[in-house]
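The values are calculated or read from the model by the stated rules, or taken from the named source; none is laboratory data. Please read these numbers as outputs of a predicted model, since none were measured by experiment. In this analysis, Cβ positions are derived from the backbone assuming ideal geometry, glycine residues included, and neighbour counts consider all displayed protein chains. Areas reflect the complete protein model, heavy atoms only, side chains present, ligands, DNA and RNA absent. Shrake-Rupley method; radii C 1.70, N 1.55, O 1.52, S 1.80 Å.
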Amino acid sequence: MRIVTCLHDNAEHLAILIDTTVYRCAEISDQLPTSMQEFLNGGHPNILTLQQAEKKIKNGSINIKGTNITEAQLIAPVPHPTSCRDAYAFRQHVATSRRNRGLDMIPEFDQFPVFYFTNHNAIYGPGDIPCMPLHMQQLDFELEVAIVINKRGKNIKAAEADDYIAGYMIMNDISARKLQMEEMKLNLGPAKGKDFATVIGPYLVTKDELLPYKTPHYKGHTGDSYNLEMTCKVNGKQVSLGNFADMDWTFAEIIERASYGVELFPGDVIGSGTVGTGCFLELNGTARLENPNHTDQWLQDGDTVTLEVTGLGLLENKIVLTNE
């Protein structure tokens, strides 16, 4: 099942996407949740309720028109996360980025999954991403997958953690690299370099949709893994290619780490971190090693960034320079 949040009459509405048609839950039945947070607070029973509604629409038991996705105004599927963490789970990205800076692979990567908190009030979906002048200094995309929690828990074991995941989304952790590198010299962050825009969408995909892509994970790790190709195009030209199955730490293991001594809540969003080749910071560093005369590429005003992940859809955004 694919679940979206859309704007209708200037209000946010929970909706189901079937093929290319958006059906608002409020129009389907007055018994359905009408916001993403209400849906998540209800846990797995709400997933079953929406799946039943989806089935009735498909078999004609419920006859409503819906709206074509090209005419629906989609926003972030989880427009108001209760928190937003981003992990660092792809070894290829970490190792390559460190190599490009002349550093050995850090051994702690294999000891525990690490994450940071970003601004859960700066969430975007498809569409324009406003960036101020300082953001435009080495502006970067990050090709990721994110989950959202729909079950409250603390000290969650990895073996049980997948039960806390409502579904999966594409995530673009927009990053102002110059700001990020300046502040991290002080051994804090990333903060200001990443607190202005995190993009998720275009819809939340429940786990049943991804069963055909399920694949065994790396030996010694616990949790679900899916064979999903991940790509990024900038202005129509592909710059990144990776796979969700290459995530070394699973989301289950990240949940175990994140929930140690701390409660997780429905609405908490957690990103995977960047897939290998999934940002210009890594790509530029590799290119400079191969060609000292390489000219770095960064996102510019007017650029279109298109992230696509098998089973999770296509998330497209335009960079827009602003002074506000």
Looking across the range 150-170 at residues that are surrounded by fewer than 22 Cβ atoms within 10 Å (Cβ to Cβ) and within 18 Å of the chain's Cα centre (by Cα), the single one that is nearest to HIS221 (Cα to Cα) is ASP162
(1) open to solvent by 30 Å² or more (accessible area, probe 1.4 Å); (2) within 22 Å of the chain's Cα centre (by Cα); (3) closer than 29 Å to VAL22 by Cα all hold for VAL114 apart from (3)
Checked ALA11, ALA15, ALA53 against criteria (over 30 Å from PHE280 (Cβ atoms), among the hydrophobic types (A, V, I, L, M, F, W, C) and open to solvent by 30 Å² or more (accessible area, probe 1.4 Å)); the one match is ALA11
Checked pairs for the range 262-284, first open to solvent by 10 Å² or more (accessible area, probe 1.4 Å), second assigned to a loop (DSSP other than H, G, I, E, B), C-beta under 7 Å and 6 or more apart or across chains, list as GLU263/ARG152; PHE265/THR82; PHE265/ARG152; PRO266/ASN150; PRO266/LYS151; PRO266/ARG152; LEU283/THR277
Looking at the structure I just gave you, is GLN73 farther than 30 Å from ASN291 by Cβ and touching a residue at least 24 places away in the same chain (Cβ under 8 Å)?
yes
The helices (runs of 4 or more DSSP H) lying entirely within the range 22-99 that contain at least 1 residues which are modelled with pLDDT of 95 or more and under 26 Å from THR274 (Cα atoms) are 36-41
Out of (1) in a strand (DSSP E or B); (2) in contact with a helix residue (DSSP H, G or I) (Cβ under 9 Å, 6 or more places away or on another chain); (3) open to solvent by less than 20 Å² (accessible area, probe 1.4 Å), the one ILE254 does not meet is (1)
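Look at GLU54 and say whether it is over 19 Å from ASP208 (Cα atoms) and of a type in the set (D, E, K, R).
Working: over 19 Å from ASP208 (Cα atoms): no; of a type in the set (D, E, K, R): yes.
Spelling it out, it is not the case that GLU54 is over 19 Å from ASP208 (Cα atoms) and of a type in the set (D, E, K, R).
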Counting only residues that are free of Cβ contacts under 8 Å to residues at least 60 places away in the same chain, among the polar types (S, T, N, Q) and either in a strand (DSSP E or B) or open to solvent by less than 10 Å² (accessible area, probe 1.4 Å) (or both), the range 190-238 contains a total of 2
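Going by the conditions given, is TYR88 open to solvent by 10 Å² or more (accessible area, probe 1.4 Å) and out of contact with any helix residue (DSSP H, G or I) (no Cβ under 8 Å at 6 or more places or on another chain)?
Details: open to solvent by 10 Å² or more (accessible area, probe 1.4 Å): yes; out of contact with any helix residue (DSSP H, G or I) (no Cβ under 8 Å at 6 or more places or on another chain): no.
Considered against the rule, which asks whether it is open to solvent by 10 Å² or more (accessible area, probe 1.4 Å) and out of contact with any helix residue (DSSP H, G or I) (no Cβ under 8 Å at 6 or more places or on another chain), TYR88 comes out as no.
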Being in contact with a strand residue (DSSP E or B) (Cβ under 7 Å, 6 or more places away or on another chain), within 30 Å of TYR213 (Cα to Cα) and among the hydrophobic types (A, V, I, L, M, F, W, C) narrows VAL262, VAL320, VAL275 down to just VAL275
Quick check on the range 99-107. Is at least one of its residues buried (at least 17 other Cβ atoms within 10 Å of the Cβ), over 25 Å from ILE255 (Cα atoms) and touching a helix residue (DSSP H, G or I) at 6+ places or on another chain (Cβ under 6 Å)? yes
Taking first residues from the range 35-55 that are within 12 Å of CYS25 (Cβ to Cβ) and second residues anywhere that are of a type in the set (Gly, Ala, Ser) and outside any helix (DSSP H, G or I), the pairs with Cβ under 9 Å that are 6 or more apart or on different chains are MET36/ALA76; MET36/GLY267; PHE39/ALA166; ASN46/ALA166; THR49/SER29; THR49/GLY42; ALA53/SER29
